[in-house]
There are 2 protein chains.
Amino acid sequence: MTAPTGEHVKIREVGPRDGFQNEPEVIATDDKVRLVEMLARTGLRRLEVTSFVRPDVIPQLADAAEVLRRARIPEEVAVTVPIPNERGLDNALALRDRFQEVNLFLSASETHNRKNVNRSIEESLNGLERVIGRALAEGLRAEGVISVSFGCPYEGHVPAERVFAIAERLAAAGCEEVAFGDTTGMANPAQVRAFFDAARERLPGVELTAHFHNTRGQGLANVLAALESGVRSFESSFGELGGCPVPRGATGNIASEDLVSMLHEMGYSSGIDLEALVECAREVQRVLGRALSGHVVVAGPVDWHEGG
Amino acid sequence: MTAPTGEHVKIREVGPRDGFQNEPEVIATDDKVRLVEMLARTGLRRLEVTSFVRPDVIPQLADAAEVLRRARIPEEVAVTVPIPNERGLDNALALRDRFQEVNLFLSASETHNRKNVNRSIEESLNGLERVIGRALAEGLRAEGVISVSFGCPYEGHVPAERVFAIAERLAAAGCEEVAFGDTTGMANPAQVRAFFDAARERLPGVELTAHFHNTRGQGLANVLAALESGVRSFESSFGELGGCPVPRGATGNIASEDLVSMLHEMGYSSGIDLEALVECAREVQRVLGRALSGHVVVAGPVDWHEGG
């Protein structure tokens, strides 16, 4: 590993969607808007703001349209909205000028996909191909997201070949970027390294994004393995918010502030003001009324001052 | 990174010393003995059981002799006892048949060493050289431990050359093994990789051990970097116990069960029964009456079962 000198790494903050979605108590829309605006001013360039899912299934995101309409986000920040299906796209398109990217998600295992969206993988792909076509026609950028890419809590091992085949379909339909999710934190660094080495060969021209969870404490080790394999795009959640509610009490996505701290210490650049990001994590702890499991929010960034 | 096929990694469990020492409430000797005996039956081969420090300075370890005398530890487990000075060695030698290794510690920065043991580094080295000589004469194995090897909370940057010079002195005095401590979690993977690449050249024939803290969430990422540099010996603490009390609320050593989980998933062997180790972490949570910050103790080991 040669120390990088300022090489840029892209980070998509997914806390306002992936994180909030897993909170049992509905967060006030005002708080969401304020947190989204704070995040949008940290220097990050990709921000998942909300999702147009069914409000009866996920009441936490019932205010999707209001959050998207109200939040003042600098022009240089690409706003991403996950879209589950064509109805979701219709709802989002009513606010077409408020976002630049859609992400389209499905699972790499039949069982997980069935439990999540009540469809087979093939049914999901057919539906998403139509959504991608319409999104591109609207001038939107499309990102595919494949859950349980590194292992499924229901099926166990997930063959990388199956994941790549799904990614190829998404890319062929027009996704410039595909994110691979370790949804319940089953990945290990040896697997991650082999996975992305193979993915780069199988998916030339596609931006490969890694989405890790810290369920078993290996989140940043998996980031390191992905970096070593050439991955330069990650998704993370401020405050280590989010993650699967199973197993109970398990930690969530990797914390954005812990990720940025590691990247900057290693010599990568992210464009993000770490202190401002830590302040966002502190603020979401205040809003939720509890301490989250991120590390840098407690310990603070490394202080390399000289002298006693 | 080539996936290792069962390559062995050594782990020294330091929770009963490094972990307990940082607990504000004194733990009952019976509980300590029971936990040490549980750990000793997990398959681990190196166990730091207690330390002969001044009881007025660290009341938590005032029962060092009793714990060492009472705990029934299988013959194949090497018991390590940290020794601060000659008086500590005298006290430990009264129970000479109960341990096989001593570890001798000092800091890589003058300020940290002064605050920790009220001596200059040179004074510490002179004293430890005498202790090492006497320990070797008693047939004990000697391990040196250098705190703040990757950065000091008081002095900031610590030049690797200074750390290596201290390690050379310890090795010349008879230490077969030197552990490098990231005492307040300031290390990052790029630094760790460069450090151990250089250390292997500078310290031929010395077993190099990495001792990381998870203060900023990078503990296992640093382990990965050390593994990639050829390090095959680590120190960790069950339940993620321990660590510096500064900053307040910061997490401690890397959790032994999280480390073992990652190593096994990557294809390394440790000889340790992960489920038994997780049970130790659960038990220490019960004894302390609070949840600790380890991950696998909550999420459980990865379950690679097949089928829904």
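Laboratory data are not the source of any read-out in this text; all were calculated from the coordinates shown. Computed from a predicted model, the values in this text were never measured in an experiment. Here Cβ is always computed from backbone atoms with ideal geometry, including for glycine, and neighbour counts include all displayed protein chains.
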- Note on the structure: Counting sequence-distant residues (5 or more places) and residues on other chains, those with an amide H built under 5 Å from that of B:SER269 are B:GLY6, B:GLU7, B:HIS8, B:VAL9
- Message: Compute a Gaussian network model of chain B, connecting alpha carbons closer than 10 Å, and tell me which residue from B:LEU61, B:LEU93, B:LEU39 fluctuates the most.
- Response: B:LEU93
- Task: Every other copy gets compared here: list the nm distances from the A:PRO24 label point (7 Å along Cα to Cβ) to its counterparts, shortest first, one decimal.
- Result: 2.7
- Under 18 Å Cα to Cα from B:LYS115, which aspartates and glutamates show up? Leave out anything in the same chain fewer than 8 places away. A:GLU306, B:ASP18, B:ASP56, B:GLU123, B:GLU155, B:ASP182
- Note: the protein assembly as shown, point scatterers on Cα, Debye, no solvent; log10 I/I(0) at q = 0.07, 0.09 Å⁻¹ equals -0.44, -0.71
- Distances in nm from A:GLU66 to the matching label points in the other copies, shortest first (labels 7 Å along Cα to Cβ): 6.2
- For B:HIS157, inter-copy label distances in nm, listed shortest first [label point 7 Å out on the Cα-Cβ vector]: 4.8
- Dimensionless Rg over Rh [region A:255-295; C-alpha; Kirkwood]: 1.03
- When chain A is treated as a GNM, springs tying every alpha-carbon pair under 10 Å, which of A:VAL57, A:VAL79, A:VAL298 comes out with the largest mean-square fluctuation? A:VAL57
- Item | Selection from B:SER147, B:VAL36, B:HIS112, by position along the positive dipole direction of chain B (Cβ) | B:HIS112
- Note on the structure: Under a Gaussian network model of chain A whose springs join Cα atoms within less than 10 Å, the largest fluctuation of A:ASN116, A:ASN103, A:ASN214 belongs to A:ASN116
- Least to most buried among B:PHE195, A:PHE105, by other C-beta atoms within 10 Å and fewest first, runs A:PHE105, B:PHE195
- Message: Given Cβ point charges of +1 (Lys, Arg) and -1 (Asp, Glu) and nothing else, what value in debye, to the nearest 20, does the dipole of chain B about its Cα centre take?
- Response: 600
- To the nearest 20 debye, what is the magnitude of the charge dipole of the protein assembly as shown about its Cα centre, counting +1 on the Cβ of each Lys and Arg and -1 on the Cβ of each Asp and Glu? 460
- Along its principal axes, what span do the Cα atoms of region B:10-299 show, with the longest given first and each in whole Å? 42, 42, 35
- Query: When Cβ neighbours within 10 Å are restricted to other protein chains, what is their mean count per residue of peptide B:49-58?
  - Reply: 0
